[in-house]
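The values are calculated or read from the model by the stated rules, or taken from the named source; none is laboratory data. The model shown is predicted, which means the values in this text are computed figures rather than measured ones. Every residue, glycine among them, receives a Cβ derived from its backbone with ideal geometry; neighbour counts consider all protein chains shown.
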Amino acid sequence: MTTMPGWLDETAELLCIVLGLYVALGLASRLRPTWSKAFTARRLFWILLLLAGVVLAQISEEAIGGGSKAFDSAVLLGVHRVVPAWMVQAFGAITLTGSATFLLPVVTFVTVVLALGGRRFDAMQVAATALAAALVVYLAKGAFNRARPTLWDTQWYWGSSFPSGHTLETAAIATAACLVIGRAWPAHRTLALWLAVAWVALVGASRLVLGVHWPTDVFAAACAGLLVAIGVEFALSAAWRAAGLTPPPRARAAHADTLIGAPEDETA
């Protein structure tokens, strides 16, 4: 009997897991009419969210267990061969946009501007997302002792290779920015989404070009950053309601209504 290639078998397994979780979530949403309506209206969002979670779990298992070593080495060496030397300096500048040196003052400035503009929820979301992402990076790097690549001479960075802190922070903050822009300036949400994707992709690519992370470090970090940002919005919305406040309407394109129902949603 002919067996499927390993990568095809794993892809089929991941898709089955995502499909199973999606069906289970769909069944759970039927417990309340508002949940069912929100789930039906945002099917693509839930599929992407589940896919990010499953991919993160799979990549983490492979990376920490050493199963991705051959893939990581081949991709990293391939990147090193095709990227000309004159572009390395440019990617070095790009990678700085994912560092604390750049993000801390930017997040602080945006938070203050939003707060002064009366958008307290948005201000707290941006700040909380940045802090949560930093905490996840710190805990993950302390928990996973994965050596950084040594395929060529590179700059020294603190901590474990897994996950990529620059990519995770960038993905989390970019996602939070998309959610805020989707609420405040819905006409610009599509542009914000494309800019966010480009920023995360460039920062992630820069970590490979500089040779300071394995590809799986970057892929896992991008998924984790997305999940951190969505998780912060869910938690902040719940805390807002618990305090007797009404959170602002969610970004329609990015994530709109969720399974966190609220009394005001039922009467809308």
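A few points about this structure:
- All conditions in (1) among the aromatic types (Phe, Trp, Tyr); (2) farther than 17 Å from Val212 by Cβ; (3) modelled with pLDDT of 85 or more; (4) surrounded by 15 or more Cβ atoms within 10 Å (Cβ to Cβ) hold for Phe109, with the sole exception of (4).
- Just one of the numbered conditions (1) among the small types (Gly, Ala, Ser); (2) surrounded by fewer than 22 Cβ atoms within 10 Å (Cβ to Cβ); (3) more than 30 Å from Leu245 (Cβ to Cβ) is not true of Ala115: (3).
- Candidates Arg146, Arg189, Arg207, Arg183, filtered to the one that is in a loop (DSSP other than H, G, I, E, B) and either basic (Lys, Arg) or in contact with a Leu (Cβ under 6 Å, 6 or more places away or on another chain) (or both): Arg146
- For the range 51-78, the set of residues classified as in contact (Cβ under 8 Å) with a residue 60 or more places away in the chain and either on the phi > 0 side of the Ramachandran plot or of a type in the set (Gly, Ala, Ser) (or both) consists of Ala52, Gly53, Ser60, Ala63, Ser68, Ser73, listed by residue number.
- Residue check, Thr101 among the hydroxyl-bearing types (Ser, Thr, Tyr) and buried (at least 23 other Cβ atoms within 10 Å of the Cβ): no
- Residue check, Thr101 β-branched (Val, Ile, Thr) and either over 19 Å from Val203 (Cα atoms) or at pLDDT 95 or above (or both): no
- Residue selected from the range 69-103 under the condition within 30 Å of Ala176 (Cα to Cα) and of a type in the set (S, T, N, Q), by the criterion farthest from the chain's Cα centre (by Cα): Gln89
- Test: Arg250 is of a type in the set (Lys, Arg) and modelled with pLDDT under 75: yes
Residues are listed down the side, and each one gets a yes or a no for (1) out of contact with any Asp or Glu (no Cβ under 8 Å at 6 or more places or on another chain); (2) of a type outside the set (Ser, Thr, Tyr); (3) in a helix (DSSP H, G or I); (4) farther than 17 Å from Gly165 by Cβ:
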| residue | (1), (2), (3), (4) |
| --- | --- |
| His80 | yes, yes, yes, yes |
| Thr95 | yes, no, yes, no |
| Gly98 | no, yes, no, no |
| Pro105 | yes, yes, yes, yes |
| Ala115 | yes, yes, yes, yes |
| Ala127 | yes, yes, yes, yes |
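- In the range 120-157, the residues that are more than 21 Å from Leu208 (Cα to Cα) and at pLDDT below 90: Gly142, Ala143
- Residue ID - surrounded by the most Cβ atoms within 10 Å (Cβ to Cβ), chosen from residues in the range 72-98 that are of a type in the set (Val, Ile, Thr) and under 26 Å from Leu131 (Cβ atoms): Thr95
Condition check ((1) surrounded by 24 or more Cβ atoms within 10 Å (Cβ to Cβ); (2) within 26 Å of Val75 (Cβ to Cβ); (3) touching a residue at least 40 places away in the same chain (Cβ under 8 Å); (4) in contact with a Phe, Trp or Tyr (Cβ under 8 Å, 6 or more places away or on another chain)) across all residues:
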{"site": "Ala127", "(1), (2), (3), (4)": "no, no, no, no"}
{"site": "Ala133", "(1), (2), (3), (4)": "yes, yes, yes, no"}
{"site": "Tyr138", "(1), (2), (3), (4)": "no, no, no, no"}
{"site": "Asn145", "(1), (2), (3), (4)": "no, yes, no, no"}
{"site": "Thr154", "(1), (2), (3), (4)": "no, yes, yes, no"}
{"site": "Thr170", "(1), (2), (3), (4)": "yes, yes, yes, yes"}
{"site": "Arg189", "(1), (2), (3), (4)": "no, no, yes, no"}
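- Taken together, the residues in the range 193-226 that are touching a residue at least 60 places away in the same chain (Cβ under 8 Å) and surrounded by fewer than 19 Cβ atoms within 10 Å (Cβ to Cβ) amount to 3.
- Just one residue in the set Trp152, Trp194, Trp158 is among the aromatic types (Phe, Trp, Tyr) and assigned to a helix (DSSP H, G or I); that residue is Trp194.
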